[in-house]
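Report on the following structure.
The values are calculated or read from the model by the stated rules, or taken from the named source; none is laboratory data. Fair warning: this is a prediction, and the values are worked out from it, not measured in the lab. With ideal geometry, Cβ positions are generated from the backbone for all residues, glycine too; neighbour counts draw on all protein chains shown.
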Amino acid sequence: MAHPLFYGFLSNSYTSALISPEGVVEWLPWPRFDSQAIFCRLLDKTRGGFFSIQPEDDFQSHQQYDDNTNIVVTTFHTDKGHAEVRDFLPIGQVALWRVVDTVFL
């Protein structure tokens, strides 16, 4: 599993987000940089909100950026297959996109 200090960073002209190595949105001020964070588990694990997309089974994960983009790709591997979650904040829009692709063995 990836080191917990390395978070994927997303940004557009409105806001930014931090995606944990396990594919969890842990920081997201919404709808602007200077707004309150709707997801802030990074600061408070028990009361901070978060947005998680993960396999139910035990998994290993790794994270990287798509080449020459600000798209964070988190890949999950389980005994049953693998999945990718692509996270990005589209330029010029107040939106968070999370695209999931799965392959079962």
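Among residues of region 31-59 being within 15 Å of the chain's Cα centre (by Cα) and touching a residue at least 24 places away in the same chain (Cβ under 8 Å), the one that is farthest from THR15 (Cα to Cα) is PRO55.
Conditions tested, residue by residue: (1) modelled with pLDDT under 95; (2) of a type in the set (S, T, N, Q); (3) under 13 Å from TYR7 (Cα atoms).
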{"position": "LEU18", "(1), (2), (3)": "no, no, yes"}
{"position": "GLU22", "(1), (2), (3)": "yes, no, yes"}
{"position": "SER35", "(1), (2), (3)": "no, yes, no"}
{"position": "LEU42", "(1), (2), (3)": "yes, no, yes"}
{"position": "GLN93", "(1), (2), (3)": "yes, yes, no"}
{"position": "ARG98", "(1), (2), (3)": "no, no, no"}
{"position": "ASP101", "(1), (2), (3)": "no, no, no"}
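State whether one or more residues within region 38-53 are within 19 Å of GLY92 (Cβ to Cβ) and of a type in the set (A, V, I, L, M). No, that holds for no residue. Residue selection: PHE51 satisfies the criterion of being modelled with pLDDT of 95 or more, of a type outside the set (Gly, Ala, Ser) and closer than 14 Å to VAL24 by Cβ. Out of LEU43, LEU18, LEU10, one residue alone is aliphatic (A, V, I, L, M) and part of a loop (DSSP other than H, G, I, E, B). It is LEU43. In region 51-105, the qualifying residues are those that are of a type in the set (Ser, Thr, Tyr) and in a strand (DSSP E or B), and the one that is surrounded by the most Cβ atoms within 10 Å (Cβ to Cβ) is THR74. Scanning region 23-50 for residues that are buried (at least 19 other Cβ atoms within 10 Å of the Cβ) and of a type in the set (D, E, K, R) turns up GLU26, ARG41.
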